[in-house]
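Rule-based calculations on the coordinates, nothing more; no lab input. Source: prediction; values computed, not measured. Using ideal geometry, Cβ is built from the backbone for each residue, glycine included, and neighbour counts are taken over all protein chains shown.
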């Protein structure tokens, strides 16, 4: 475990806590894409199949349970919570995310490390995580103004992936046989998707203005 | 190369 990976996991955790804070504090999920949250729940469920079979460390197991539990709780909240679900902007959350699931699964069947059930699902979860933010970014552009906590949520999600890229660079130079092409390439694509959001986030922060994304 | 390495990242 290196500092970049720990920082990445912590910013990932913070992004989830910020989202939970927004939903519970404001009793509202306006501006949040349910589709992105469903994709994240699918990412964690298909990636952490080894939760019950391979024990790596307490930290690893606890974080997997936290990620699975929180993503399912957020999806449940946005679908079932009698107050929160009323604030879901269904008409703004129109990205056809089933295409993302189909495309990433097709890619996972073509590009994988080993042709086994778990490895295919692992590759699928890696590819799906790279594009899972798209419905959320599209929804932010549709809704124009981004509320403060939602902006922070997306920012921390992007920061988590940026730290992971530093982690892979660090491991590449310090560990003899570290090659994770699938995770690295997919992680680069994922971080690139945040690039324009980071740009507008930085501009709004510099001008101390409200974050506005061009439609 | 990877097979020896478990998936230790989240």
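Take the conditions under 19 Å from the mean Cα position of the chain (by Cα), within 17 Å of residue A:149 (Cα to Cα) and part of a helix (DSSP H, G or I) and apply them to residue A:43. Does it pass? No: the conditions fail for residue A:43. Taking region A:58-73 as the range and being free of Cβ contacts under 8 Å to residues at least 12 places away in the same chain, out of contact with any helix residue (DSSP H, G or I) (no Cβ under 8 Å at 6 or more places or on another chain) and within 11 Å of chain B (Cβ to nearest Cβ) as the test, the residues that pass are A:60, A:62.
For the structure I just gave you, tell me whether residue A:101 is in contact (Cβ under 8 Å) with a residue 60 or more places away in the chain, surrounded by fewer than 19 Cβ atoms within 10 Å (Cβ to Cβ) and either over 17 Å from the mean Cα position of the chain (by Cα) or part of a helix (DSSP H, G or I) (or both).
yes
Of all residues in region A:164-173, one or more are within 15 Å of the chain's Cα centre (by Cα) and touching a residue at least 12 places away in the same chain (Cβ under 8 Å). Note on region A:113-139: residues that are within 12 Å of chain B (Cβ to nearest Cβ) and part of a helix (DSSP H, G or I) total 8.
Filtering A:40, A:112, A:88 for residues that are crowded, with 17+ Cβ neighbours inside 10 Å, touching a helix residue (DSSP H, G or I) at 6+ places or on another chain (Cβ under 7 Å) and without any contact (Cβ under 8 Å) to a residue 60 or more places away in the chain leaves a single hit, A:88. Any residue at all in region A:195-204 that's closer than 27 Å to residue A:34 by Cβ, surrounded by 22 or more Cβ atoms within 10 Å (Cβ to Cβ) and away from every other protein chain (no Cβ under 14 Å)? Yes, there is a match, as at least one residue in region A:195-204 is closer than 27 Å to residue A:34 by Cβ, surrounded by 22 or more Cβ atoms within 10 Å (Cβ to Cβ) and away from every other protein chain (no Cβ under 14 Å). Answer yes or no: is there a residue in region A:13-27 that is assigned to a loop (DSSP other than H, G, I, E, B), touching a residue at least 24 places away in the same chain (Cβ under 8 Å) and either over 27 Å from residue A:116 (Cα atoms) or within 14 Å of another protein chain (Cβ to nearest Cβ) (or both). Scanning region A:13-27 turns up at least one residue that is assigned to a loop (DSSP other than H, G, I, E, B), touching a residue at least 24 places away in the same chain (Cβ under 8 Å) and either over 27 Å from residue A:116 (Cα atoms) or within 14 Å of another protein chain (Cβ to nearest Cβ) (or both). When restricted to residues that are assigned to a helix (DSSP H, G or I) and either on the phi > 0 side of the Ramachandran plot or surrounded by fewer than 23 Cβ atoms within 10 Å (Cβ to Cβ) (or both), region A:140-157 contains 9.
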